[in-house]
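Each remark here refers to the structure printed beneath this line.
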Amino acid sequence: MPKVFSVLVAILCAVLGTATSAQQSASMDVLFAQLGDSTTTDRAFHQILKASRKDPAERTSAVERLPFIIEKNQGNRPWVNSVVLAGKLKAENAIPVLIEVLPKSSDTPSVIVGFADSYTLRNDPVGMALCEIGDSSVPALADLLKSSDSQTRRRAARVLWNMDSAASRKVLTDHMERETDPGIKQTFGVPKTK
């Protein structure tokens, strides 16, 4: 009898676990639909972040969906929220698409840019996401430093400079020996001071 009971308990747990996973997936489907709607995106952003921090399965579900939204690069509020989520959730699977959209995305919301803005990532959600993901994004950013476009190199350097890890500092220091843009050298060629 105890063997039969154990088997029944195992089957019940498996069925309940499957039902819970299906419910979680359905709720994440609803939240991602809301994330894509400009009228509900901010609320959905916070709910996805909360659910992802609470439940590893929800985080996995959210992280898997983000690259598909980011690659569309619509530049609107739902897109920005998706980019920010990728950073907050440290979605390493989003690094390739973030690297792809970095040179094409805006990093300044207005024509007035202060001196401090040339250093920070405050107006660069894609750069901030890569910075928050951390060292996993360093190799891809190092590749961007090889670009012939100085703006692309500047943005990659800014992300690495703000990341301020041993790996990012090494890549940046090594690159500065070859950098041809004096502005990039002057701005990001010195270590970040704490």
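Values in this text are rule-based calculations from the coordinates and carry no lab data. What you are looking at is a predicted structure, and each value in this text was computed from that prediction instead of being measured. Cβ sites come from the backbone with ideal geometry, for glycine too, and all protein chains shown count toward neighbours.
Some notes on this structure:
- Estimated FRET transfer efficiency when R0 is 35 angstrom, pair S165-K185 (beta carbons, to 0.05): 0.95
- Placing dummy labels 7 Å off each Cα toward the beta-carbon, the span from D143 to M176 is 2.5 nm.
- Segments 88-97, 35-44 sorted - mean Cβ within 10 Å per residue, highest first: 88-97, 35-44
- For the range 94-194, lysine pairs with C-alpha atoms less than 17 angstrom apart, excluding pairs fewer than eight positions apart on the same chain, total 5.
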